[in-house]
Amino acid sequence: MKHKKRQGPGAGRTIRDLVAQPPNDFYKQAVLHINCSGQVEIENCREILEYTPERLRLDMGRWDVELWGSDLVLCSVGGPVLTLQGRVFKTEFFYKEHTT
């Protein structure tokens, strides 16, 4: 007699979670894409805090992000995506503690 393998209670839920829609605010989250060819795309940045050809500091919500390099040029600043080109040497992340 063949015995049927029993699936645990989480098996069906896992497949359902894989195809489920993300939370409503998922596409509004700040995202940083660093391409090794010298291009950086920043999505949903709140504010450019500082910009020079050597440094870009961004408010990304809970984090501030600082990009250090040379010949940094902001190519596009309109809309939800910023594009930066140049040689990025260092990236630093600063977590902002929220007080109420």
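Residues in the stretch 49-86 that are within 23 Å of residue 97 (Cα to Cα) and in a loop (DSSP other than H, G, I, E, B): 60, 61, 62.
Within the stretch 89-100, none of the residues are surrounded by 15 or more Cβ atoms within 10 Å (Cβ to Cβ) and in contact with a strand residue (DSSP E or B) (Cβ under 9 Å, 6 or more places away or on another chain).
Within the stretch 61-82, the set of residues being in contact with a Phe, Trp or Tyr (Cβ under 8 Å, 6 or more places away or on another chain) and of a type outside the set (A, V, I, L, M, F, W, C) comprises 62, 64, 66, 69, 70.
Against the conditions (1) farther than 14 Å from residue 31 by Cα; (2) aromatic (Phe, Trp, Tyr); (3) within 13 Å of the chain's Cα centre (by Cα), residue 89 satisfies every one except (3). Of the listed requirements (1) out of contact with any Cys (no Cβ under 6 Å at 6 or more places or on another chain); (2) modelled with pLDDT of 90 or more, residue 23 misses just one: (2).
Could you check the stretch 35-48 and list, in sequence order, the residues that are surrounded by 14 or more Cβ atoms within 10 Å (Cβ to Cβ), part of a strand (DSSP E or B) and out of contact with any His (no Cβ under 9 Å at 6 or more places or on another chain)? If you could, list the steps in order and put the result at the bottom.
First, pick out the residues of the stretch 35-48 that are surrounded by 14 or more Cβ atoms within 10 Å (Cβ to Cβ): 38-45, 48.
Checking the rest, the ones that are also part of a strand (DSSP E or B) come to 39-43, 48.
Residue satisfying the conditions is 48 alone.
For the stretch 70-82, does any single residue satisfy the condition of being surrounded by 13 or more Cβ atoms within 10 Å (Cβ to Cβ) and modelled with pLDDT of 95 or more? Yes, because at least one residue in the stretch 70-82 is surrounded by 13 or more Cβ atoms within 10 Å (Cβ to Cβ) and modelled with pLDDT of 95 or more.
The values are calculated or read from the model by the stated rules, or taken from the named source; none is laboratory data. Remember, predicted model here, so these are calculated numbers, not experimental data. With ideal geometry, Cβ positions are generated from the backbone for all residues, glycine too; neighbour counts draw on all protein chains shown.
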